[in-house]
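Okay, structure first, notes after.
The values are calculated or read from the model by the stated rules, or taken from the named source; none is laboratory data. Note that the structure is predicted; figures quoted are calculated from it, not measured. Cβ: placed from backbone, ideal geometry, glycine included. Neighbour counts: every protein chain shown. Surface areas here come from the heavy atoms of the whole protein model, side chains and all, with no ligands, DNA or RNA. Shrake-Rupley method; radii C 1.70, N 1.55, O 1.52, S 1.80 Å.
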Amino acid sequence: MGKPVEAIQPDTDMNALILVINCGSSSIKFSLADPAESRHVLSGMAENLGQEAVLSWKGIAKDSRDIGDADHTAALLEVVNLLHELGLTCSGVGHRVVHGGEHFSGSCLVDEESMEALRAHQHLAPLHNPVNILGIEAAQEAFPGIPQVMVFDTSFHQSMPERAYLYPIPYELYEEHRIRRYGFHGTSHRYVAAEGARLLGKSPEELCLVTAHLGNGCSAAAVKHGVSVDTTMGLTPLEGLVMGTRSGDVDPSLHQYLCDTLGMTLADVTGMLNKKSGLLGLSGSSNDMRQLLELAENGDKRAALAVEVFCYRLAKSIAGLVVGLGHLDAVIFTGGIGENSLPVRKRVLQLLEFLGLKEDPDLNAVHGREHQGRITASENPLAMVVNTDEEMVIARDTAANLPDLS
Ligand code: AMP
């Protein structure tokens with residue numbers, strides 16, 4: 001165990017704070033947010049759970065400490081201790097949950113009924129939902145009596161019409177097994193669509209937007225009058241755009257072909273498409289866009305090819321999503337790549353010039369993570385960078401779903 005943190009004087013005027021939890025298989029990310037002021041008071045991470053786990057945090061205080069072989073529950077108890085030591089409390093806990101299926105079209109309070117429904121949907125995201133459930137159960141132990149809310153990656157896209165969410169496969173597979181497109185990154189698409197509208201001095205209801213969330217995972221969405229009408233990810237987060245290690249769209253016959261010709265198993269191919277494809281697979285060197293751009297700059301042809309395929313497929317998808325909107329007011333770039341990578345935004349806008357999107361190189365150079373805003377000379381339509389804040393969406397939804405205890 002590390003040294004105790006220095007107690008700070010809590011701000012007596014502080015609003016009700018929400019603890020946002022994003023639980024992974026061996027890590028927990030957390031953020032203590034003030035949704036009324038849209039600010040993060042403290043954020044951190046417990047990593048390497050079950051082995052030599054470390055808890056680190058930054059914000060009103062910054063430090064880290066060893067937490068031994070803490071599991072999820074023990075790590076959350078360490079977070080409780082940390083908040084206590086810092087003189088902080090939370091009035092609710094918000095959980096990021098990956099898949100809510102068709103059952104959850106919005107965020108909801110954790111209770112027996114919602115937990116039962118969530119457990120019934122585990123099969124839709126076998127890698128993510130069980131660990132999200134584990135996180136909720138651990139938080140119930142660590143924060144007894146504090147209301148908890150689940151916020152889904154999928155629920156923003158529940159507004160998609162049938163024409164966008166149905167796969168052209170036998171309809172019974174949808175009727176009987178709910179096999180359909182769901183879409184992900186909903187909290188990010190929702191946040192940047194609302195924030196983009198705010199920056200433009202409009203309400204989301206007035207706008208037709210394509211939002212491009214480009215991080216390690218990438219997806220784009222068509223957001224018409226504030227609701228999602230289409231998106232690039234599907235039943236799972238493998239469909240759609242080229243990503244760090246995920247392929248995005250490939251021929252559905254690829255599995256069969258690779259099994260027949262190379263003797264690969266279904267699991268081999270699925271693993272390859274998720275972990276060894278995308279930017280990493282094409283370049284053979286990295287899944288990190290920053291590194292690939294540097295390599296390409298220094299003459300690495302495979303790195304340049306990976307970046308070009310990424311940009312080409314992204315531009316093609318953005319253009320396709322405009323069909324769902326019927327009109328385009330703005331394209332919004334967000335996520336690690338969208339906010340930081342000027343050359344990617346430049347290339348995508350070049351490919352989309354036929355839509356009337358014309359890059360302003362000076363604006364593109366100044367608008368990024370440090371300074372969000374418009375990056376095109378054109379205003380109608382325009383392209384802009386908006387910094388995403390998925391944790392703030394979770395904090396706001398949690399605050400909105402807290403039971404009225406008055
Ligand atoms: P995220 O998942 O949103 O954290 O985004 C991760 C991706 O953002 C990785 O591919 C990083 O290479 C990329 N990224 C972060 N900073 C930069 C940068 N300055 N230039 C290009 N890509 C970046």
_So, in region 340-399, exactly how many residues are touching a helix residue (DSSP H, G or I) at 6+ places or on another chain (Cβ under 6 Å), assigned to a loop (DSSP other than H, G, I, E, B) and over 30 Å from residue 295 (Cβ atoms)?_
1
*Give the number of residues within region 229-260 that are open to solvent by 20 Å² or more (accessible area, probe 1.4 Å), farther than 15 Å from residue 317 by Cα and within 16 Å of the chain's Cα centre (by Cα).*
5
*Hey, can you tell me all the residues within region 123-139 that are part of a helix (DSSP H, G or I) and open to solvent by less than 60 Å² (accessible area, probe 1.4 Å)?*
124, 129, 130, 131, 132, 133, 135, 136, 138, 139
*asked:* I need the full set of residues from region 56-85 which are buried (at least 21 other Cβ atoms within 10 Å of the Cβ) and touching a residue at least 40 places away in the same chain (Cβ under 8 Å), in order please.
replied: 67, 72, 75, 76, 79, 82
*Failed condition for residue 273, given (1) closer than 25 Å to residue 157 by Cβ; (2) of a type in the set (A, V, I, L, M, F, W, C); (3) within 16 Å of the ligand (Cβ to nearest atom), with all others met?*
(3)
*Just a yes or no: is a residue in region 382-394 within 16 Å of the ligand (Cβ to nearest atom), modelled with pLDDT under 95 and of a type outside the set (D, E, K, R)?*
no
*If you go through region 342-370 one residue at a time, how many are over 22 Å from residue 198 (Cβ atoms), open to solvent by 10 Å² or more (accessible area, probe 1.4 Å) and within 14 Å of the ligand (Cβ to nearest atom)?*
5
*Which ones in region 35-55 are open to solvent by 40 Å² or more (accessible area, probe 1.4 Å) and touching a Ser or Thr at 6+ places or on another chain (Cβ under 7 Å)?*
40, 45, 47, 48, 50, 54
*Identify, by number, the condition in (1) within 16 Å of the ligand (Cβ to nearest atom); (2) over 21 Å from the mean Cα position of the chain (by Cα) that residue 280 doesn't meet.*
(2)
*Which of the residues that make up region 91-101 are open to solvent by less than 60 Å² (accessible area, probe 1.4 Å) and in contact with a helix residue (DSSP H, G or I) (Cβ under 7 Å, 6 or more places away or on another chain)?*
92, 93, 94, 95, 97, 98, 99, 100, 101
*Matching residues in region 17-59 - criterion: being among the aliphatic types (A, V, I, L, M) and within 21 Å of the chain's Cα centre (by Cα)*: 18, 19, 20, 21, 28, 32, 33, 41, 42, 45, 46
_One residue is enough: does region 87-95 have a residue meeting the conditions touching a residue at least 40 places away in the same chain (Cβ under 8 Å) and touching a Pro at 6+ places or on another chain (Cβ under 6 Å)?_
yes
_residue 337 - would you say it is under 17 Å from residue 220 (Cα atoms), more than 16 Å from the ligand (Cβ to nearest atom) and crowded, with 23+ Cβ neighbours inside 10 Å?_
no
*Only residues that are within 13 Å of the ligand (Cβ to nearest atom) and free of Cβ contacts under 8 Å to residues at least 40 places away in the same chain: list them for region 182-232, please.*
217, 219
